[in-house]
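Working notes, beginning with the structure itself.
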Amino acid sequence: MIEEEEIDLLLKDLYEVYGYDFTQYARASLKRRINRLWTLDKFPSFAELRYRVRSDPDYLKRFVEELTVNVTEMFRDPTYYRTLRTEVLPTLTAKPFIRIWHAGCSTGEEVFSMAILLKEVRLLHKSILYATDLNPEVLESARKGIFSMSAMKQYSENYILSGGTTDFSTYYTAHYGRVKFNEELAEKMVFSTHNLVSDRSFNEFDLILCRNVLIYFTKTLQERVLTLFDESLAPLSYLGLGSKETLKFSSIQSRYKQLEGEKIWRKIG
Amino acid sequence: MAKNRLNAGHSVDCSVVVIGGSTGSIDVLLRLLPALQPPLSFALIIVVHRRNTADSTLAHLFSLKTSVPVKEVDDKDVIRPGTIYLAPADYHLLLERDGTFSLDDSEKINYSRPSIDVTFESAADVCGSQLVGVLLSGANADGTAGLKAIKSTGGFTVVQEPNTAQVGFMPQQAISGGVADNVLDIPGLIRFINDLNTTRSR
Ligand SMILES: C[S@@+](CC[C@H](N)C(=O)[O-])C[C@H]1O[C@@H](n2cnc3c(N)ncnc32)[C@H](O)[C@@H]1O
């Protein structure tokens, strides 16, 4: 088990050597992740773990990827997507372009879900989906649009619960236990690394989705990120968070109105 | 009465009680909750395995059984005594040193999210000897590693007597693993938890 002071040392190294700042991540989860890696990669001591992280950039990639949690799924929380479909997207139809930002998109399941939704409400052709993450590796995987076949049963159930009526399997082709989603869905996606801790706003959006990313941050970092989103949201645009995340503690809250029963807020002020 | 003397000869001064359970544990909780004598001097945290639906029916069901406030945890909620907290479906529930909760949607542990081990271990890390861990009925091996962590940081552990459990496997694992300070039937558990409460009206 890693000691608190050892965590501080590691985080200091990550920042000094590579510029990654994890000091404002929620500590309990971070500690579990580090312990998990220590065990998985069989380091005999903290000193060896630290040395490897400091001196081996390839290992650093793995370390950062495993330090962050990349779990995701398609149409996660189906009622959320139902609300996007029935209440949010219809208010955007008059716009010449629709700009959407998925911040912390992980391996892209959420972005492909959104593209399907947009296609079904006939808005995909004029939308752009910016999908960003801290990890280049997950983005590489997202770009390919290839997912495991074994997850499709659950995804297709989620899709139906979200109000989808097409045969879900028409959106992909299966190949040796994996599926590749149709090129047409990926055409409007732009993938790029973006670190919510240190990078700036890069556009103005009609909808920002940042789900299950803020739970890993302290309140201080959450406030920074929410301010960044606020600066990046056009009037009457939307911000969607994960099912247990909230604007409640944030200074931007007063300018937003929550949609009934969902973690989606509309910018009104 | 600041401290309670328990059968095992320990005395416990606790600020957090964390209860973990799986199959068959809801029934136990539905008997325990109405028997609690508020106000509670500790925070009561409940982690039960359930289907990963995000609805809050379980918290609602619990709240009907007690006058102690019941809250399904949201990210960064402050941990307060006198409150019952329920781990939300599909997230691991962790405790932070600053006295708040945090949530984590990382891989399942023991096929479970929330995992009892995750919360027990995190609570042990933060609360040390101020913690009491209780493991109820279940068909899963979750909880044993967590109770071990609680013991090793000076906390106290209690396990439901397996033959009083709907499914005895989970508590039996803990007993076989040597991590149960005390083994109690349901009335015993109720008495034990009420005895931990130093502010109850009598
Ligand atoms: C649990 S996943 C959430 C995926 C998806 N949004 C969902 O809800 O299913 C969290 C993602 O946030 C990313 N992340 C963590 N810290 C980040 C940061 N500072 N900047 C950008 N992305 C970050 C992780 O790499 C990971 O892919």
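The values are calculated or read from the model by the stated rules, or taken from the named source; none is laboratory data. Computed from a predicted model, the values in this text were never measured in an experiment. Side chains are part of the model used for accessible areas, which takes the heavy atoms of the whole protein and leaves out ligands, DNA and RNA. Shrake-Rupley method; radii C 1.70, N 1.55, O 1.52, S 1.80 Å.
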Over all directions, average the projected area of the Cα convex hull of chain B and note it in nm².
9.8
Once the Cα atoms of helix A:109-120 and of chain A are each reduced to a long axis, what angle between those two axes, in degrees from 0 to 90 to the nearest 10, is obtained?
10
For the pairing of chain B with chain A, what total accessible surface becomes buried, with a 1.4 angstrom probe, in square angstrom to the nearest 100?
2100
Rounded to the nearest 10 Å², what accessible area does A:LEU236 show when all protein chains are kept and the probe is 1.4 Å?
100
Radius of gyration and maximum dimension Dmax of chain A, Cα, Å:
19.4, 60
Determine the residues within segment A:22-69 where the difference in accessible area between the chain on its own and the full set of protein chains amounts to at least 10 Å²; count protein heavy atoms only and use a 1.4 Å probe.
A:ALA26, A:ARG27, A:ALA28, A:SER29, A:LYS31, A:ARG32, A:ARG33, A:ARG36, A:VAL69
Under a Gaussian network model of chain A whose springs join Cα atoms within less than 10 Å, the largest fluctuation of A:ALA131, A:ALA174, A:ALA186 belongs to A:ALA174
Output the 0 to 90 degree angle, nearest 10, between the alpha-carbon long axis of helix A:4-13 and the longest principal axis computed from the alpha carbons of chain A.
70
Which of A:SER243, A:SER192, B:SER106 is most accessible, then next, and so on - probe 1.4 Å
A:SER192, A:SER243, B:SER106
More than 15 angstrom separation, counting every C-alpha pair in segment B:20-85; what % is that?
52
Please calculate the 1.4 Å probe accessible area of B:SER129, with all protein chains present, and give it to the nearest 10 Å².
70
Under 20 °C and 1.002 mPa s, how fast does segment A:73-214 diffuse according to Stokes-Einstein, given a Kirkwood radius computed over C-alpha pairs? Answer in µm²/s, whole number.
140
Residues whose built amide H sits under 5 Å from the amide H of B:LYS71, excluding neighbours closer than 5 in sequence, are B:ILE84, B:TYR85, B:LEU86
What accessible area, in Å² to the nearest ten, does a 1.4 Å probe give for A:ILE146?
50
From zero up to wherever the largest Cα-Cα distance of segment A:151-198 sits, split into 10 Å bins and tell me the percent of pairs in each.
21, 38, 28, 13, 0
What percentage of the solvent-accessible surface of segment B:115-202, computed with a 1.4 Å probe over protein heavy atoms, is contributed by carbon and sulfur atoms?
49
To test your reading of the geometry: what angle, between 0 and 90 degrees and rounded to tens, separates the Cα axis of helix A:57-67 from the longest principal axis of chain A?
60
Hey, any idea what % of segment A:4-67's accessible area is carbon plus sulfur with a 1.4 Å probe?
50
Where in segment B:110-154 does accessible area fall by at least 10 Å² between the isolated chain and the complete protein assembly, at a 1.4 Å probe radius?
B:ARG113, B:VAL118, B:ASP125
Compute accessible area for segment A:196-217 by itself and then with all protein chains, 1.4 Å probe, and report residues whose area falls by 20 Å² or more.
A:ASN212, A:ILE215, A:TYR216
In Å², rounded to a whole number, the accessible area per residue of the protein assembly as shown with probe 1.4 Å is 42
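Quick one: what do you get for segment A:4-67 if you divide its Cα Rg by 2.2 N^0.38 Å?
In units of the 2.2 N^0.38 Å rule of thumb, it is 0.99.
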Excluding residues on the same chain fewer than 8 positions from A:LYS144, give the aspartates and glutamates whose Cα lies under 13 Å from its Cα.
A:GLU109, A:GLU183, A:GLU184, A:GLU187
Going from the alpha-carbon gyration tensor of the protein assembly as shown, what semi-axes, largest first and in whole Å, does one get by taking the root of 5 times each eigenvalue?
40, 26, 22
Which of these, A:VAL121, A:VAL197, A:VAL213, has the largest mean-square fluctuation under a Gaussian network model of chain A (Cα springs below 10 Å)?
A:VAL121
Over chain A, the sum of -39500 (n - 2.57) across DSSP H runs of at least four, divided by residue number and rounded to 500 deg cm²/dmol, gives at 222 nm -11000 deg cm²/dmol
P(r) weight above 26 Å for segment A:134-269, C-alpha pairs, percent
37
Starting from the Kirkwood Rh over alpha-carbon pairs, what translational D in µm² s⁻¹ does segment B:91-202 have by Stokes-Einstein at 10 °C and 1.306 mPa s?
110
Determine which aspartates and glutamates satisfy two conditions relative to B:LYS76: a Cα distance under 15 Å, and not lying fewer than 8 residues away in the same chain.
A:GLU223, A:GLU245, B:GLU96, B:ASP98, B:ASP104, B:ASP105
Taking segment A:78-267 and dividing mean pair separation by its residue count, relative contact order in percent (alpha carbons under 8 Å, at least six apart)
22
